[in-house]
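Engineer: Can you read through this structure? Questions will come right after.
Nothing in this text is a laboratory measurement; each read-out follows from the coordinates by a stated rule. Treat the numbers as computed from the prediction; the structure is a model and nothing was measured. All Cβ positions, even for glycine, are placed from backbone atoms using ideal geometry, and neighbour counts span all protein chains on display.
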Amino acid sequence: MNSKTFMFVLAFIILTLVTGVILGLLADPSSPITWILIISLVAVIILYNKASSKQYVEWKEEYSVGIESIDNQHKKLLMLINHLQTAVDHSTGEQFEREALDELVDYTRTHFAYEESLMEDNDYPEFEAHKEQHKNMVSEVERVLAEYQRDQETAMSNAISYLKNWLINHINGTDKQYSEFLIGKGVK
């Protein structure tokens, strides 16, 4: 089921339950059916919130690379990924999805340029390999953007999944390696 259909079905269920609760309260507030509808409505909302919150990435201190400026940029990247997730989950429309993705891609490039300049300025020995990882990630996102023209929903889902996994793995892998080197050079 695509996200637009899911949101429509969810809205229909909630509207039906709300209508049932209102009618039940007007007819017989002490009826067990009314209370079952109220409990069902609350349960649907709670379950939806729990399920949707698992799709978002939260910053954890274990992601810290020990350099405040880089950590702040990583936090912003996670926030932008979550904005994109929200745009897709709530079917906000192609324009909002596209703007969220463009903002994420633009900021990612800015972040990569910042990281690369720190590495280059401090003669990081694995600079070229790290820069290649950045290049490969940007190429993958550009491929997803091309796919977006053919199948928006699948492309966005693939992009979000890829970006979440790539960013967390990248932070916990090679970013922590260069950060130890940079911290040793006095970068804070």
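Engineer: I'd like the orientation of helix 32-53 relative to the chain: the angle between its Cα long axis and the longest Cα principal axis, in ° from 0 to 90, rounded to 10.
Structural biologist: With rounding to tens, the tilt is 10 degrees.
Engineer: Could you give the angle, 0 to 90 degrees to the nearest 10, between helix 127-148's Cα long axis and the longest principal axis of the Cα atoms of the chain?
Structural biologist: Roughly 30 degrees, rounded to the nearest 10.
Engineer: In degrees from 0 to 90, rounded to the nearest 10, what is the angle of the helix 3-27 Cα long axis to the longest principal axis of the chain?
Structural biologist: Approximately 30 degrees, to the nearest 10.
Engineer: Further question on the same structure: Compute the relative contact order of the chain as a whole-number percentage, counting only Cα pairs closer than 8 Å that sit 6 or more residues apart in sequence. Show your work: numbers first, answer last.
Structural biologist: Working: 115 pairs, mean separation 48.6, N = 188.
Computed value for the chain: 26 percent relative contact order.
Engineer: What's the magnitude of the charge dipole for the stretch 1-119 around its Cα centre, counting Lys and Arg as +1 and Asp and Glu as -1 at the beta-carbon? Answer in Debye, nearest 20.
Structural biologist: Values: 8 positive and 15 negative charges, 111 e Å.
Rounded to the nearest 20 debye, it is 540 debye.
Engineer: For volume of the Cα convex hull per residue in Å³, several values are listed as (i) 126; (ii) 113; (iii) 138; flag the one computed from this structure.
Structural biologist: Read-out taken from this structure: (i).
Engineer: What is the gain in length, in nm to one decimal, between T5 and E128 on full extension, counting 0.36 nm per residue of separation less the C-alpha to C-alpha distance?
Structural biologist: Working: separation 123, 0.36 × 123 = 44.28 nm, distance 4.53 nm.
Computed gain between T5 and E128 is 39.8 nm.
Engineer: Distance between Cα centroids, the stretch 69-118 to the stretch 1-35: provide it in whole Å.
Structural biologist: What the calculation gives is 36 Å, centre to centre.
Engineer: Let me ask something additional. Taking the dipole about the Cα centre of the chain, with the C-beta of Lys and Arg at +1 and of Asp and Glu at -1, give me whichever of G184, S30, L101 is farthest to the positive side.
Structural biologist: Comparing the listed Cα positions along the dipole, S30 ranks first.
Engineer: Please work out the FRET efficiency for the pair T92 and I13, using the Cβ-Cβ distance as r and a Förster radius of 25 Å; give the result to the nearest 0.05.
Structural biologist: After rounding, the FRET efficiency stands at 0.75.
Engineer: Once you sort the root eigenvalues of the Cα gyration tensor of the stretch 3-53 as a ≥ b ≥ c, which label holds: rounded (a/c under 1.5), prolate (a/b larger than b/c) or oblate (the other case)? Provide the component values of the computation, followed by the final result.
Structural biologist: Details: a/c = 4.42, a/b = 1.93, b/c = 2.28.
It comes out oblate by the Cα gyration axes.
Engineer: Given a Förster radius of 22 Å and the C-beta distance between Y56 and N136 as r, what FRET efficiency does 1/(1 + (r/R0)^6) yield to the nearest 0.05?
Structural biologist: So the FRET efficiency works out to roughly 0.30.
Engineer: A further question on this structure: Can you tell me how much longer the chain between D102 and N169 gets when fully stretched, taken as 0.36 nm per residue apart minus their C-alpha distance, in nm with one decimal? Please list the in-between numbers first.
Structural biologist: Working: separation 67, 0.36 × 67 = 24.12 nm, distance 2.20 nm.
Here the answer is 21.9 nm.
Engineer: While we're looking at this one, here's another question. Place the peptides 25-32, 166-173 in order of packing, highest mean first, counting for every residue the other Cβ atoms within 10 Å and averaging per peptide. Please list the in-between numbers first.
Structural biologist: On the way: 25-32: 10.4, 166-173: 15.5.
In descending order of packing, they fall as 166-173, 25-32.
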